[in-house]
Amino acid sequence: MKLLVTTLSMALWLLSLHSGWSQTCCTGGVPITGALRINTFPAKSVQLRFTYDHNKIEDVFLDGEKRPDNHIKRSAKTAILQADYVLSEAFAISALVPYIWSKESVDQGSQSLVQETNGIGDISLV
């Protein structure tokens, strides 16, 4: 019963967080799926996992051929902290908290635009 109350309290707290804090992008969201693992630990055990991913996109392809276009460059670095709690042999709870650093630069002739941002991405509870 205590575990159920704790779990529900944590879920309500996560839902109450202000969505303006979150930030993500197409390249930063990809590592989330690679960070998920199936838990095979004994019941009532806890595990913390840290993963890091760096995506760099500088090549442009059109119809399967690389184009000589280097006007847009993107990079996203994602650090993911995952906490797992195994309830039983069949059930576990995982929380993933990604932190994302992203940078995009666009060169248009003599002008260059660079946008950089970072922050907590979409928190997942599985």
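Quick rundown of the values:
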item: Test for LYS77: is it open to solvent by 40 Å² or more (accessible area, probe 1.4 Å), in contact with an Asp or Glu (Cβ under 6 Å, 6 or more places away or on another chain), part of a strand (DSSP E or B) and of a type outside the set (Gly, Ala, Ser); result: no
item: Flag for PHE91 being touching a Leu at 6+ places or on another chain (Cβ under 8 Å), among the hydrophobic types (A, V, I, L, M, F, W, C), open to solvent by 60 Å² or more (accessible area, probe 1.4 Å) and modelled with pLDDT of 80 or more; result: no
item: In the stretch 107-122, the residues that are in a strand (DSSP E or B), closer than 20 Å to THR78 by Cβ, touching a residue at least 12 places away in the same chain (Cβ under 8 Å) and open to solvent by 70 Å² or more (accessible area, probe 1.4 Å); result: GLN115, GLU116, ASN118, ILE120
item: Any hit, the stretch 27-41, residues being assigned to a helix (DSSP H, G or I), at pLDDT below 85, over 15 Å from VAL126 (Cα atoms) and not aliphatic (A, V, I, L, M); result: yes
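The values are calculated or read from the model by the stated rules, or taken from the named source; none is laboratory data. Bear in mind the structure is a predicted one, so any value in this text is a computation, not a measurement. Using ideal geometry, Cβ is built from the backbone for each residue, glycine included, and neighbour counts are taken over all protein chains shown. The accessibility values were calculated without ligands, DNA or RNA, using every heavy atom of the protein model including side chains. Shrake-Rupley method; radii C 1.70, N 1.55, O 1.52, S 1.80 Å.
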